[in-house]
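The values are calculated or read from the model by the stated rules, or taken from the named source; none is laboratory data. Predicted model, so just to flag it, every value in this text is computed and none were measured. Neighbour counts run over all protein chains shown; Cβ positions are idealised from the backbone, glycine included. Just the protein is used for accessible areas: all its heavy atoms, side chains included, with ligands, DNA and RNA removed. Shrake-Rupley method; radii C 1.70, N 1.55, O 1.52, S 1.80 Å.
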Amino acid sequence: MLIKTAEFVKSCPGLASCPCSEKPEYAFIGRSNVGKSSLINMISARKGLAMTSSKPGKTLLINYFDINNSWYLVDLPGYGFASVDKDTRARLKRMIEEYTVGRMQLTNLFVLLDCRLEPQKNDLDFINFLGGHEVPFSLVFTKTDKISKSKLAANIAHYKEVLSGQWEWLPPIFATSSETKEGREELLSYIEQINNSIENQE
Ligand code: GTP
Ligand code: MG
């Protein structure tokens, strides 16, 4: 899929202020600093579209980006960010849960996981939360430029094994790097395929 236009639409403090639109939405979630905003820039091929930072906790609102005037990329705040105060953490958790469960236009949620890490409890808890609420999601391993191909394959295989212990069904899995653009074509084809199937239903 060709990205012809990519534009910032708005930042929303909660579900109630999200755009009144029927365009399909593809949102990015995961721990702070996992690379959500960088991946949005990589997919859209617009370097400064979503704000990134080496300091965790950069994204604190629900940020909408319109792609090709036909669908949205949605950048969400990270979860499990320990350095913000308790009230902010509770507010972000509520915002994320309300958006992921309550936003009817959410077509697919990409759950980002740092490919270098062992499965983390808060990621597994969040995946279980999504499964329990029947939220459509896929897994995206990020920062693949930071480890060898063999280590990456072993880490993904281990993750699948852990998930298989809890779920009969495994979600689609992608491996990406915002540095090398690995996974970009795969993610765009996946999004295009879903967009086409939605159009055919209409
Ligand atoms: P919050 O908004 O704070 O939740 O973080 P985020 O998940 O949006 O992460 P962000 O995209 O801001 O990236 C965090 C840091 O990781 C930045 O320093 C990025 O440059 C770096 N980073 C992100 N993706 C990659 C990647 O694929 N490879 C490498 N080497 N670094 C990356
Ligand atoms: Mg961010």
- Item | Alpha-carbon radius of gyration plus Dmax, which is the widest Cα pair, for the stretch 36-106 in Å | 13.0, 39
- Item | Principal axis dimensions, the stretch 130-185 - Cα atoms, whole angstrom, descending | 34, 21, 14
- Within-12-Å neighbourhood charge of P24 [Cβ basis; K, R +1; D, E -1]: -4
- Message: Just the number please: accessible area per residue for the chain, 1.4 Å probe, all protein chains included, in Å².
- Response: 51
- Query: Any idea what the dipole of the chain comes to, in debye rounded to 20, about its Cα centre with Lys/Arg Cβ at +1 and Asp/Glu Cβ at -1?
  - Reply: 840
- Message: Can you compute the charge dipole magnitude of the stretch 1-99 about its Cα centre, using +1 on each Lys and Arg Cβ and -1 on each Asp and Glu Cβ, nothing else charged? Give it in debye, rounded to the nearest 20.
- Response: 360
- Item | Residues in the stretch 62-99 that a label on S21 would reach, taking backbone N under 18 Å of a point 7 Å out along Cα→Cβ | 62-77, 99
- Estimated 222 nm signal from helices in the chain, with DSSP H stretches of n ≥ 4 weighted -39500 (n - 2.57), rounded to 500: -11500 deg cm²/dmol
- Query: Of the heavy-atom accessible surface of the chain (probe 1.4 angstrom), what whole percent is carbon and sulfur?
  - Reply: 51
- Query: Cα to Cα, under 28 Å, and not fewer than 8 places away if on the same chain: which lysines meet these conditions relative to K4?
  - Reply: K23, K36, K47, K58, K143, K181
- Message: Which order do the peptides 34-44, 191-201 come out in when sorted by mean C-beta neighbours inside 10 angstrom, highest first?
- Response: 34-44, 191-201
- Message: Cα atoms only: what Rg and Dmax, in Å, come out for the chain?
- Response: 16.0, 46
- Query: Projected onto the charge dipole of the stretch 20-152 (+1 at Lys/Arg Cβ, -1 at Asp/Glu Cβ, origin at the Cα centre), which of G35, Y79, I147 gives the Cα projection farthest towards the positive end?
  - Reply: I147
- Message: Largest first, please: the extent of the C-alpha atoms of the stretch 1-84 along each principal axis, to the nearest Å.
- Response: 37, 29, 16
- DSSP bridge orientation in the chain - percent antiparallel, rounded to nearest 5: 35
- Just P171, P77, P119 to compare: in a GNM of the chain, with alpha carbon springs under 10 Å, which one fluctuates most? P171
- Message: Going 7 Å from the Cα of Q201 along its beta-carbon direction, which residues of the stretch 94-132 have the amide nitrogen within less than 13 Å of the resulting point?
- Response: 104-108
- Note on the structure: extent check for the stretch 85-145: Cα max minus min per principal axis, descending, whole Å, gives 33, 31, 19
